[in-house]
């Protein structure tokens, strides 16, 4: 790993957070390439998809859509323990999603004094596209994390795009996860071109209303470019993990947690903030040793920050606003976790981010790049659109029309006032 050491005196938390984030490659590096891909797919559809796949050395399938029969058969191709793990993950993700949906605000209606009623309601989007990454690894877990909340939310059409493997087909594990989530519309397409195809449609792919799912910098930039044409869950880029620890933490466990997240690639952000310098020294040794022994661990940047205390470490964590935050200090409990600025906070003796990545039931599609300051985990609410229903009786129109006339006249839009007065005078 690329390890950087910092000593922090507790001042300028945002400035230090920016220096830590600068250890990861900037998103802007890929902007021009992604814009070219997205524009090409938008304008030329399937022809552009074929051309891009050939340029990248990918096998071009006979059909971009995977045969639904292959999806249904995919679970039988997996080892029994993988099928069992997928079942547990799906069960827990669905349980959390249903609980979250039940907690969402119900249609809120109110009768107002002038005689009108206003109801604000939520309904599922009609269609959603899910991107399940590939490349260094396949991600059946992402299929479950995205498709199950969409289904729980009531989305009628869910389409998955995931990179093609052998014979131009997505991996059996990804297809088995689609089967577990009851999704049979799958396209074997990768990267920014998959996002563009879902957003704008091609000759063989119908566009969607909303796109969700994580990915590399190219996928994240593509989602940014198409947002507006479709809704997106956020710019879920390279993975992040920050750990706040003191001398009571087990360095062997934390080192494994850091290396586990580094398996996702070399462009994420890993950080540990602690007042215990001896712990940081030991982590530097352990992480280097573990990474060297495990070829799946990429050389991701790791910031080791010596702070003046646990409270200062928590302040810094809030400024970083990481995707995953582990609290590994004496007394870390739900009270300490409450109000933390992070996509997902892990506490307890077993509080490793790896559980959240797979089977705990929480969603692993989380805000990155500091977006936890205003965003949160993917869930059924992400797949719902809000609308207002206004019911105006003649009495309400008559009571409100003079106010419309006054305000619209002040803005220079007198016809608004005429429109309101016409309804009031019937």
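The values are calculated or read from the model by the stated rules, or taken from the named source; none is laboratory data. From a predicted model like this one, the values you see are computed outputs, not experimental measurements. Every residue, glycine among them, receives a Cβ derived from its backbone with ideal geometry; neighbour counts consider all protein chains shown.
Here is the figure for the stretch 20-31: residues that are in a helix (DSSP H, G or I) and farther than 14 Å from residue 242 by Cα total 5.
Just one of (1) at pLDDT below 95; (2) in contact with a strand residue (DSSP E or B) (Cβ under 6 Å, 6 or more places away or on another chain); (3) not assigned by TED's automatic domain parsing to the domain that holds residue 51 fails for residue 266. It is (2).
Residue-by-condition table, conditions (1) over 25 Å from residue 99 (Cα atoms); (2) at pLDDT below 95:
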site	(1), (2)
275	yes, no
285	yes, no
289	yes, no
312	yes, no
342	no, no
366	no, yes
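Looking only at the stretch 352-403, residues that are more than 24 Å from the chain's Cα centre (by Cα) and assigned to a strand (DSSP E or B) come to 4 in all.
Scanning the stretch 394-426 for residues that are touching a residue at least 60 places away in the same chain (Cβ under 8 Å) and loosely packed, with under 13 Cβ neighbours inside 10 Å returns a single hit, 395. If you filter the stretch 4-19 down to residues that are at negative phi and either in a loop (DSSP other than H, G, I, E, B) or in contact with a helix residue (DSSP H, G or I) (Cβ under 6 Å, 6 or more places away or on another chain) (or both), you find that the one that is surrounded by the most Cβ atoms within 10 Å (Cβ to Cβ) is 17.
With respect to the conditions (1) crowded, with 16+ Cβ neighbours inside 10 Å; (2) in contact with a strand residue (DSSP E or B) (Cβ under 7 Å, 6 or more places away or on another chain), residue 312 falls short on a single one, namely (2). One residue alone among 191, 234, 228 is over 29 Å from residue 82 (Cα atoms), modelled with pLDDT under 95 and more than 15 Å from the chain's Cα centre (by Cα), and that residue is 228.
Scanning the stretch 287-309 for residues that are in a helix (DSSP H, G or I) and buried (at least 18 other Cβ atoms within 10 Å of the Cβ) yields 287, 290, 291. Here residue 84 clears all of (1) more than 27 Å from the chain's Cα centre (by Cα); (2) without any contact (Cβ under 8 Å) to a residue 60 or more places away in the chain; (3) not assigned by TED's automatic domain parsing to the domain that holds residue 314 except the condition numbered (1).
Sort out which residues of the stretch 315-351 are more than 29 Å from residue 150 (Cα to Cα) and either in a loop (DSSP other than H, G, I, E, B) or under 15 Å from the mean Cα position of the chain (by Cα) (or both), and write them in order of number. Matches in the stretch 315-351: 329, 330, 331, 332, 333, 348, 349. Does any residue of the stretch 69-83 turn out to be within 24 Å of residue 152 (Cα to Cα) and in contact with a strand residue (DSSP E or B) (Cβ under 8 Å, 6 or more places away or on another chain)? Checking the stretch 69-83: at least one residue is within 24 Å of residue 152 (Cα to Cα) and in contact with a strand residue (DSSP E or B) (Cβ under 8 Å, 6 or more places away or on another chain).
When each of 76, 57 is tested for being assigned by TED's automatic domain parsing to the domain that holds residue 155, surrounded by fewer than 14 Cβ atoms within 10 Å (Cβ to Cβ) and at positive phi, the lone residue that passes is 57. When each of 63, 117 is tested for being under 25 Å from residue 210 (Cα atoms) and surrounded by fewer than 20 Cβ atoms within 10 Å (Cβ to Cβ), the lone residue that passes is 63.
You will find that of 129, 135, 109, the residue that is assigned to a loop (DSSP other than H, G, I, E, B) and either modelled with pLDDT of 95 or more or surrounded by fewer than 18 Cβ atoms within 10 Å (Cβ to Cβ) (or both) is 135 and no other. Note on the stretch 206-220: residues that are more than 13 Å from the chain's Cα centre (by Cα), surrounded by fewer than 24 Cβ atoms within 10 Å (Cβ to Cβ) and not in a helix (DSSP H, G or I) total 3.
When residue 186 is tested against (1) crowded, with 18+ Cβ neighbours inside 10 Å; (2) more than 19 Å from the chain's Cα centre (by Cα); (3) in a helix (DSSP H, G or I), exactly one condition is not met: (3). Just one of the listed residues (176, 199, 150) is modelled with pLDDT of 95 or more, more than 18 Å from the chain's Cα centre (by Cα), surrounded by 21 or more Cβ atoms within 10 Å (Cβ to Cβ) and in a helix (DSSP H, G or I), namely 176. For the stretch 243-283, the candidate set comprises residues that are assigned to a helix (DSSP H, G or I) and out of contact with any helix residue (DSSP H, G or I) (no Cβ under 8 Å at 6 or more places or on another chain); within that set, the residue that is surrounded by the most Cβ atoms within 10 Å (Cβ to Cβ) is 280.
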